[in-house]
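> Handing you this structure, nothing more for now.
The values are calculated or read from the model by the stated rules, or taken from the named source; none is laboratory data. Owing to the predicted nature of the structure, the values given are computational and were not obtained by experimental measurement. Positions of Cβ are generated from backbone atoms using ideal geometry, with glycine treated the same way; all protein chains shown enter the neighbour counts. With ligands, DNA and RNA removed, areas are computed over all heavy atoms of the protein, side chains included. Shrake-Rupley method; radii C 1.70, N 1.55, O 1.52, S 1.80 Å.
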Amino acid sequence: MATGVKRYGFASLRRLKTPAEFSALLRAPRDHSIRAERQMLSINASWVSTASRAEDDDKSGSVRFGVTVGKRNARRSVDRVLVKRIVREACRHRAVAFEECAAQASARIDIALRLKMPLVDTRGDALAMRAWRRQVRADADSLLQEVLARLAGRLATDSPTMDSSTTGPSN
(Lines give C-alpha, C1' and ligand atoms only; values in the text may rest on other atoms or scores of the structure.)
Protein backbone atom coordinates (compact mmCIF):
# COMPACT_ATOMS: atom_id res chain seq x y z
CA MET A 1 0.00 0.00 0.00
CA ALA A 2 2.19 2.82 -1.30
CA THR A 3 -0.35 5.63 -0.97
CA GLY A 4 -3.03 6.22 1.62
CA VAL A 5 -3.19 5.39 5.29
CA LYS A 6 -3.57 1.85 6.61
CA ARG A 7 -6.82 1.56 8.51
CA TYR A 8 -5.49 -0.84 11.14
CA GLY A 9 -1.93 0.45 11.35
CA PHE A 10 -0.29 1.28 14.65
CA ALA A 11 1.17 4.64 13.67
CA SER A 12 3.29 6.80 15.92
CA LEU A 13 0.26 9.01 16.64
CA ARG A 14 -1.54 6.00 18.14
CA ARG A 15 1.16 5.19 20.70
CA LEU A 16 2.04 6.34 24.19
CA LYS A 17 5.81 6.58 24.08
CA THR A 18 7.36 8.54 26.91
CA PRO A 19 7.32 7.77 30.63
CA ALA A 20 5.68 11.17 31.14
CA GLU A 21 2.72 10.12 28.98
CA PHE A 22 2.28 6.90 30.94
CA SER A 23 2.53 8.66 34.30
CA ALA A 24 0.02 11.31 33.22
CA LEU A 25 -2.39 8.50 32.37
CA LEU A 26 -1.88 6.89 35.77
CA ARG A 27 -2.35 10.22 37.58
CA ALA A 28 -5.64 10.99 35.81
CA PRO A 29 -8.51 11.85 38.19
CA ARG A 30 -10.95 9.03 38.93
CA ASP A 31 -13.85 10.84 37.25
CA HIS A 32 -11.86 10.86 33.98
CA SER A 33 -10.35 7.37 34.11
CA ILE A 34 -11.29 3.72 34.00
CA ARG A 35 -9.31 0.85 35.48
CA ALA A 36 -9.91 -2.88 35.04
CA GLU A 37 -7.97 -6.11 35.16
CA ARG A 38 -8.09 -9.75 34.19
CA GLN A 39 -5.94 -12.73 35.05
CA MET A 40 -2.85 -11.63 33.10
CA LEU A 41 -3.45 -7.99 32.11
CA SER A 42 -4.56 -4.73 33.64
CA ILE A 43 -5.77 -1.64 31.80
CA ASN A 44 -5.93 2.07 32.54
CA ALA A 45 -7.84 4.47 30.33
CA SER A 46 -8.31 8.21 30.65
CA TRP A 47 -9.81 10.91 28.49
CA VAL A 48 -9.52 14.66 28.04
CA SER A 49 -12.04 16.89 26.31
CA THR A 50 -10.74 18.27 23.04
CA ALA A 51 -13.60 20.59 22.16
CA SER A 52 -11.07 23.38 21.72
CA ARG A 53 -9.01 21.39 19.17
CA ALA A 54 -9.12 22.45 15.56
CA GLU A 55 -11.44 20.46 13.30
CA ASP A 56 -8.68 19.63 10.83
CA ASP A 57 -6.66 17.66 13.39
CA ASP A 58 -5.85 14.10 12.41
CA LYS A 59 -8.43 11.67 13.83
CA SER A 60 -5.80 8.96 14.40
CA GLY A 61 -4.35 11.09 17.20
CA SER A 62 -7.58 10.96 19.22
CA VAL A 63 -6.79 7.53 20.72
CA ARG A 64 -3.36 6.43 21.91
CA PHE A 65 -2.37 2.99 23.21
CA GLY A 66 0.57 1.97 25.37
CA VAL A 67 1.78 -1.48 26.35
CA THR A 68 4.21 -2.28 29.15
CA VAL A 69 5.75 -5.64 29.95
CA GLY A 70 8.30 -5.74 32.74
CA LYS A 71 11.26 -8.06 33.07
CA ARG A 72 9.85 -9.33 36.34
CA ASN A 73 6.83 -10.79 34.51
CA ALA A 74 8.51 -11.94 31.29
CA ARG A 75 12.19 -12.68 31.75
CA ARG A 76 13.07 -13.43 28.14
CA SER A 77 13.02 -10.49 25.75
CA VAL A 78 11.37 -12.60 23.05
CA ASP A 79 8.45 -13.22 25.42
CA ARG A 80 8.13 -9.50 26.23
CA VAL A 81 8.11 -8.64 22.52
CA LEU A 82 5.56 -11.36 21.79
CA VAL A 83 3.22 -10.15 24.57
CA LYS A 84 3.47 -6.59 23.24
CA ARG A 85 2.77 -7.78 19.70
CA ILE A 86 -0.30 -9.75 20.80
CA VAL A 87 -1.69 -6.82 22.81
CA ARG A 88 -0.98 -4.30 20.03
CA GLU A 89 -2.85 -6.52 17.58
CA ALA A 90 -5.88 -6.53 19.87
CA CYS A 91 -5.61 -2.72 20.12
CA ARG A 92 -5.42 -2.40 16.33
CA HIS A 93 -8.69 -4.27 15.94
CA ARG A 94 -10.50 -2.08 18.48
CA ALA A 95 -8.89 1.24 17.49
CA VAL A 96 -11.61 2.25 15.02
CA ALA A 97 -14.34 1.76 17.64
CA PHE A 98 -12.36 3.81 20.18
CA GLU A 99 -11.79 6.56 17.60
CA GLU A 100 -15.52 6.73 16.84
CA CYS A 101 -16.25 6.98 20.56
CA ALA A 102 -13.64 9.73 20.96
CA ALA A 103 -14.98 11.64 17.94
CA GLN A 104 -18.56 11.55 19.24
CA ALA A 105 -17.46 12.91 22.62
CA SER A 106 -14.79 15.30 21.26
CA ALA A 107 -12.22 13.69 23.52
CA ARG A 108 -8.71 12.29 23.36
CA ILE A 109 -8.45 8.82 24.91
CA ASP A 110 -5.24 7.30 26.30
CA ILE A 111 -5.14 3.58 27.08
CA ALA A 112 -2.33 1.61 28.74
CA LEU A 113 -2.24 -2.16 29.10
CA ARG A 114 0.22 -3.89 31.43
CA LEU A 115 1.21 -7.52 31.92
CA LYS A 116 0.63 -8.05 35.63
CA MET A 117 1.32 -11.76 36.04
CA PRO A 118 4.59 -13.62 35.50
CA LEU A 119 4.68 -16.08 32.64
CA VAL A 120 5.69 -18.83 35.08
CA ASP A 121 3.64 -21.10 37.31
CA THR A 122 3.88 -21.27 41.10
CA ARG A 123 6.88 -23.65 40.90
CA GLY A 124 8.80 -21.26 38.66
CA ASP A 125 8.37 -23.37 35.52
CA ALA A 126 7.53 -21.55 32.30
CA LEU A 127 3.89 -21.70 31.27
CA ALA A 128 3.09 -23.39 27.97
CA MET A 129 3.47 -20.74 25.28
CA ARG A 130 0.26 -21.68 23.48
CA ALA A 131 -1.73 -21.36 26.70
CA TRP A 132 -0.41 -17.97 27.76
CA ARG A 133 -0.60 -16.52 24.25
CA ARG A 134 -4.29 -17.40 24.08
CA GLN A 135 -4.89 -16.09 27.60
CA VAL A 136 -3.13 -12.78 26.89
CA ARG A 137 -5.18 -12.25 23.71
CA ALA A 138 -8.44 -13.20 25.42
CA ASP A 139 -7.69 -10.86 28.33
CA ALA A 140 -6.73 -8.01 25.99
CA ASP A 141 -9.90 -8.44 23.91
CA SER A 142 -12.21 -8.60 26.93
CA LEU A 143 -10.52 -5.65 28.68
CA LEU A 144 -10.70 -3.47 25.58
CA GLN A 145 -14.36 -4.39 25.04
CA GLU A 146 -15.20 -3.64 28.68
CA VAL A 147 -13.39 -0.30 28.62
CA LEU A 148 -15.04 0.65 25.33
CA ALA A 149 -18.50 -0.05 26.78
CA ARG A 150 -17.77 1.77 30.06
CA LEU A 151 -16.13 4.65 28.23
CA ALA A 152 -19.06 5.10 25.85
CA GLY A 153 -21.41 5.21 28.84
CA ARG A 154 -19.25 7.65 30.81
CA LEU A 155 -18.69 9.96 27.84
CA ALA A 156 -22.40 9.87 26.95
CA THR A 157 -23.36 10.87 30.49
CA ASP A 158 -20.74 13.63 30.54
CA SER A 159 -21.94 15.18 27.27
CA PRO A 160 -25.65 15.71 28.16
CA THR A 161 -24.76 17.33 31.49
CA MET A 162 -22.57 19.80 29.66
CA ASP A 163 -25.26 20.50 27.07
CA SER A 164 -28.05 20.92 29.63
CA SER A 165 -25.96 23.27 31.76
CA THR A 166 -25.26 25.55 28.80
CA THR A 167 -28.88 25.78 27.63
CA GLY A 168 -30.32 26.72 31.02
CA PRO A 169 -33.86 26.10 32.26
CA SER A 170 -36.64 25.91 29.71
CA ASN A 171 -39.19 27.88 31.79
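> Return yes or no: is Asp139 in contact with an Asp or Glu (Cβ under 8 Å, 6 or more places away or on another chain) and open to solvent by less than 40 Å² (accessible area, probe 1.4 Å)?
The answer is no for Asp139.
Matching residues to (1) surrounded by 14 or more Cβ atoms within 10 Å (Cβ to Cβ); (2) over 13 Å from the mean Cα position of the chain (by Cα); (3) at pLDDT below 95; (4) assigned to a helix (DSSP H, G or I):
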| site | (1), (2), (3), (4) |
| --- | --- |
| Met1 | no, yes, yes, no |
| Gly4 | no, yes, yes, no |
| Arg7 | no, yes, yes, no |
| Ser23 | no, yes, yes, yes |
| Ala28 | yes, yes, yes, no |
| Asn44 | yes, no, no, no |
| Trp47 | yes, no, yes, no |
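> Cβ contacts < 9 Å: first residue among the basic types (Lys, Arg) and open to solvent by 30 Å² or more (accessible area, probe 1.4 Å), restricted to region 52-76; second residue part of a loop (DSSP other than H, G, I, E, B) and modelled with pLDDT under 95, any location; separation 6+ or different chain. Result?
Matching pairs, first to second residue: Arg53/Ser106; Arg64/Leu16; Arg64/Lys17; Arg72/Pro118; Arg75/Pro118; Arg75/Leu119; Arg76/Leu119.
> Looking only at region 68-92, count how many residues are touching a helix residue (DSSP H, G or I) at 6+ places or on another chain (Cβ under 6 Å) and modelled with pLDDT under 95.
Counting residues in region 68-92 that are touching a helix residue (DSSP H, G or I) at 6+ places or on another chain (Cβ under 6 Å) and modelled with pLDDT under 95 gives 1.
Every residue, every condition in (1) open to solvent by 40 Å² or more (accessible area, probe 1.4 Å); (2) part of a helix (DSSP H, G or I), yes or no:
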| residue | (1), (2) |
| --- | --- |
| Arg85 | yes, yes |
| Ala90 | no, yes |
| Glu99 | no, yes |
| Gln104 | yes, yes |
| Arg108 | yes, no |
| Leu113 | no, no |
| Pro118 | yes, no |
| Arg123 | yes, no |
| Leu151 | no, yes |
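> Going residue by residue through region 117-130, is there one that turns out to be under 23 Å from Val48 (Cα atoms), of a type in the set (A, V, I, L, M) and in contact with a Phe, Trp or Tyr (Cβ under 7 Å, 6 or more places away or on another chain)?
no
> Same structure again: Could you say whether any residue in region 114-137 is under 22 Å from Ser12 (Cβ atoms) and modelled with pLDDT of 95 or more?
Yes, region 114-137 has at least one match.
> From (1) over 22 Å from Ala140 (Cβ atoms); (2) modelled with pLDDT under 90; (3) assigned to a helix (DSSP H, G or I), pick out the condition that doesn't hold for Leu13.
(1)
> Something else: Restrict the check to region 87-95 and report whether at least one residue is over 12 Å from Leu144 (Cβ atoms) and of a type in the set (A, V, I, L, M).
Looking for residues that are over 12 Å from Leu144 (Cβ atoms) and of a type in the set (A, V, I, L, M), one finds none in region 87-95, hence no.
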